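Below is one structure, written out as C-alpha cells; the observations come after it.
The values are calculated or read from the model by the stated rules, or taken from the named source; none is laboratory data. Every value quoted in this text rests on a predicted model; they were computed, and no experiment measured them. Virtual Cβ from ideal backbone geometry, glycine too; neighbours counted across all protein chains shown.
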Amino acid sequence: MEKLISLCKRRGFIFQGSEIYGGLAGTYDYGPLGSLLKNNIKDSWLKKFVHGREDTYLLDAAILMNGKVWQATGHVDHFSDPLVECKECKHRFRADQIQDTKKCPDCNGDLGDVRQFNMMLSTKVGAVDDTASTTYLRPETAQGIFVNFKNVLDSMSPKLPFGIAQIGKAFRNEITPRDFIFRLREMEQMEIEYFVDPDRWNEEFEYWKDEMMEWMEEIGLNMKNVYPTEIGEGDRAHYSSRTIDFEFDFPFGRKELYGLAYRSDYDLSKHTSSSGQKLEYTYPEGAKIVPHVIEPSFGLDRTILAVLLSAYREDVLKDSEEVRTYLALSPAVAPVICAVSPLLKNKPELVDKAREVHGLIKKEFGRVAWDDNGNIGKRYRRQDEIGTPWCVVVDFDSLEDDTVTIRSRDTGMQERMKVDEVIRFIKDNM
Ligand code: ATP
C-alpha cells in the first residue's frame with residue numbers, strides 16, 4: 001500500500017485533499033493522471049451498462065435533494081454506524097470494527113457507551129436558518145434515480161425490465177475514514193436501479209451478478225482476489241431478501257468492493273406514500289404494478305484502488321539489479337495509451353518526424369503523450385510507472401523507410417513496423 005500511495009502522489013494520480021493546509025480526513029484529489037484513469041473507468045462502465053444496452057437510461061440528478069427524501073427512505077433515522085469514544089485519548093472508533101468495545105485499541109483506555117452516529121452530512125439551503133432549510137449531501141446516488149422514476153417513465157416510455165443508471169458524488173461522514181481512497185467522506189458511485197417484474201427478480205439478480213463480474217474482468221481487476229459473498233439474513237437491509245457483496249482482497253484485508261442488492265419495491269413504495277405521487281408502471285395491456293428493483297452498486301474510488309492494486313508490478317531487469325516498477329493497466333483504462341519519442345531530441349529531423357507520428361496517433365486515440373525527456377531507457381521507466389502500454393520511438397531508419405519501433409510495456413519487447421500500421425497494431429492489442 002505504501003509503495004502504491006507514494007507512486008500515486010509522485011506521478012500525479014492521487015493527492016491528499018487540501019494538502020497544503022494539513023489535509024481534510026476522508027478526502028482525496030485526483031491529479032492529472034488519476035483524473036484520466038477515473039474518466040476512462042467511467043467511460044468503460046457507461047460503454048457496458050448504458051451505451052451497450054437498449055434498456056438503460058442515464059441520469060444526472062442533483063446532489064442536494066429535498067430533505068423529505070431522506071426522511072422517507074429512513075436515512076434520517078437509521079443511516080448510522082455504531083460509535084464509541086475513548087475516555088482517555090478521545091479517539092473514535094466504529095464499534096463493529098474493533099475486537100473489544102470496552103478497551104481503546106490506541107491507548108488501552110476505557111471506551112464509553114456505544115451510540116448510533118448518523119453518517120449523513122447535513123447542510124442548510126437558502127438564507128433562512130431554520131430546520132425546514134436543513135438537507136443533506138446525498139449519501140448515495142440511488143435516491144436521485146427513484147425520485148425521477150416517474151419523469152423517466154413519462155419522457156422515455158421504457159418497457160419493463162429497464163434500468164436507470166447514474167454516476168455521481170456521494171458523501172458519508174464516516175467515523176474512521178481510512179485506507180487511502182477505500183473509505184472516504186466524499187466519494188463517487190456508479191449505480192443502476194434495474195426495474196423488473198416482481199416474479200422475475202431471481203433470474204435478473206443472477207444475470208446482474210454475471211454482468212458485474214464480466215466488467216470487473218474488462219477493467220483488469222485480478223479476479224483471483226474477487227469474492228462474491230452472500231450476505232446472511234441478519235446482516236442484510238430489512239427490505240432485501242438477497243444481497244451479494246463483491247469482496248476484494250485489499251492489502252488491509254478482504255473488504256466490500258461492490259454490492260448487488262434486491263431491494264424489492266421498498267424505495268418506490270416509500271416515496272409513493274411520502275410524496276403522494278403514484279410511482280407505478282403500466283403494462284401495455286393496462287395492468288399496473290410497482291416494479292421491484294435489482295441494484296448493482298459500484299464505488300468508483302474503490303474501483304480505482306482495486307485497479308491500481310491489480311496492476312502494480314515490480315520486476316528485476318535483465319542484466320542489472322535495477323527494479324522496474326510498472327502498472328500493468330488494461331489499455332482500456334490506462335491514462336496514456338501510447339507515448340511517442342524522437343530517439344534524440346537535439347536532431348530536428350527526428351523531432352519533426354516524431355511530431356508527425358505523434359499527431360497521427362493522437363488524432364486516433366486522444367490520450368497519447370509526447371516524451372522527449374532524458375534517454376530512451378528513462379522514458380520507458382517513466383511510462384512503465386504510469387502504466388502506458390506502448391512507446392513508439394522515431395529513429396534514423398524512420399527517416400529512410402517510414403518505420404518506427406513500438407515497445408510493449410509488459411514484455412519490454414520491441415517491434416519495427418510502418419508508421420501506418422501502428423494504429424492498427426494498438427487497436428488489435430487493446
Ligand atoms: P461499507 O460496509 O464498506 O461501509 P456500505 O455497505 O455502506 O460499505 P453501500 O452503501 O453498499 O456501502 O455503497 C455502495 C458502494 O459504494 C460500496 O460497495 C462501495 O463501493 C462504495 N462506498 C460506500 N461507502 C464508501 C466510502 N466511505 N468510501 C468510498 N466508497 C464507498
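Here are some notes:
- Among the criteria (1) in contact (Cβ under 8 Å) with a residue 24 or more places away in the chain; (2) more than 16 Å from I219 (Cβ to Cβ), the one E54 does not fulfil is (1).
- Of the candidates E256, E349, E321, E364, the single residue that is of a type outside the set (A, V, I, L, M) and more than 30 Å from D384 (Cβ to Cβ) is E256.
- Consider segment 62-84 and keep the residues that are more than 16 Å from the ligand (Cβ to nearest atom) and part of a loop (DSSP other than H, G, I, E, B). The one that is nearest to the chain's Cα centre (by Cα) is A62.
- Only listed residue being under 21 Å from Q166 (Cβ atoms), at pLDDT 95 or above and among the acidic types (D, E), chosen from E204, E217, E247: E204
- Unique residue being surrounded by 20 or more Cβ atoms within 10 Å (Cβ to Cβ) and either among the basic types (K, R) or in a loop (DSSP other than H, G, I, E, B) (or both) when the list is G220, G163: G220
- Of all residues in segment 227-241 being assigned to a loop (DSSP other than H, G, I, E, B), within 12 Å of the ligand (Cβ to nearest atom) and at pLDDT below 95, the one that is surrounded by the most Cβ atoms within 10 Å (Cβ to Cβ): S240
- Of all residues making up segment 310-333, the number that are touching a Phe, Trp or Tyr at 6+ places or on another chain (Cβ under 7 Å) and among the aliphatic types (A, V, I, L, M): 1
- Within segment 181-198, being aliphatic (A, V, I, L, M) and within 16 Å of the ligand (Cβ to nearest atom) holds for I181, L184, M187, M190, I192.
- Residues that are of a type in the set (K, R) and outside the structural domain of E218 (by TED's automatic domain parsing), drawn from segment 32-88: K87
- Number of positions in segment 334-373 that are assigned to a strand (DSSP E or B) and of a type in the set (F, W, Y): 1
- Those strands (runs of 3 or more DSSP E) of segment 242-333 in which 3 or more residues are more than 16 Å from the ligand (Cβ to nearest atom), in contact with a helix residue (DSSP H, G or I) (Cβ under 7 Å, 6 or more places away or on another chain) and outside the structural domain of E217 (by TED's automatic domain parsing) occupy 323-327.
- Only one entry of W201, W215, W208 meets the criterion of being of a type in the set (F, W, Y), touching a residue at least 12 places away in the same chain (Cβ under 8 Å), away from the ligand (no atom under 13 Å from the Cβ) and under 30 Å from Y28 (Cα atoms), and that entry is W215.
- Selected residue (criterion: nearest to the ligand (Cβ to nearest atom)) from residues of segment 146-172 that are under 19 Å from the mean Cα position of the chain (by Cα) and under 22 Å from S80 (Cα atoms): R172
- From the list V323, V368, the one residue that fits, being out of contact with any Ser or Thr (no Cβ under 9 Å at 6 or more places or on another chain) and surrounded by 16 or more Cβ atoms within 10 Å (Cβ to Cβ), is V368.
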